[in-house]
Amino acid sequence: MEFFVSIIAIALMVIGAFGIIFLKKPLDKVIMFTILDAGFVLAVVLFKYLDVAMFAALVDPLSTLVFILAIVKINEIRKNKLASGDAND
């Protein structure tokens, strides 16, 4: 049973990593990051590091929120640059 759960954890991490690398849209990358993160927490639980898993489970939503806020801010900066005509940077 533990073997199958470890395969699922590895599959989640691999799918998330390839999704982050190959997808173009920033929000899709955030979704793939959360999938990768779910696999990571599952692998940490399998190795019985429950304190690390608890900390990761508490911090992960915060990191996802920071990524989403950064994406919104970057899109806002890009729109302001295009509106002002400074598209070189």
Study note, to complete from the structure: Considering the range 74-89, residues that are open to solvent by less than 90 Å² (accessible area, probe 1.4 Å) and not in a helix (DSSP H, G or I), and then whichever is farthest from Ile7 (Cα to Cα), we arrive at Gly85
Exercise for review: Could you list, in sequence order, all residues of the range 15-49 that are more than 20 Å from Val66 (Cβ to Cβ) and touching an Asp or Glu at 6+ places or on another chain (Cβ under 7 Å)?
Suggested key: Leu46
Point to revise | Residues that are open to solvent by 40 Å² or more (accessible area, probe 1.4 Å) and within 8 Å of the chain's Cα centre (by Cα), drawn from the range 12-54 | key: Ile20, Lys29, Ile31, Phe33, Thr34, Ile35, Leu36
Check your understanding: If we scan the range 53-73, do we find a residue that is part of a helix (DSSP H, G or I), out of contact with any Leu (no Cβ under 9 Å at 6 or more places or on another chain) and among the basic types (Lys, Arg)?
Key -> yes
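Here is a yes/no grid of residues against (1) closer than 20 Å to Asn75 by Cα; (2) among the β-branched types (Val, Ile, Thr):
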| position | (1), (2) |
| --- | --- |
| Ile10 | no, yes |
| Gly16 | no, no |
| Ile20 | yes, yes |
| Lys29 | yes, no |
| Met32 | yes, no |
| Leu36 | no, no |
| Leu42 | no, no |
| Phe47 | no, no |
| Met54 | no, no |
Review point. In the range 30-52, what residues are of a type outside the set (A, V, I, L, M) and assigned to a helix (DSSP H, G or I)?
Key: Phe33, Thr34, Asp37, Gly39, Phe40, Asp51
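The values are calculated or read from the model by the stated rules, or taken from the named source; none is laboratory data. Small disclaimer: the values here were computed from a predicted structure and weren't measured. Glycine also receives a Cβ, built like all others from the backbone with ideal geometry; neighbour counts cover every protein chain displayed. When the accessible area is computed, the model is the full protein with side chains, heavy atoms only, and any ligands, DNA or RNA have been set aside. Shrake-Rupley method; radii C 1.70, N 1.55, O 1.52, S 1.80 Å.
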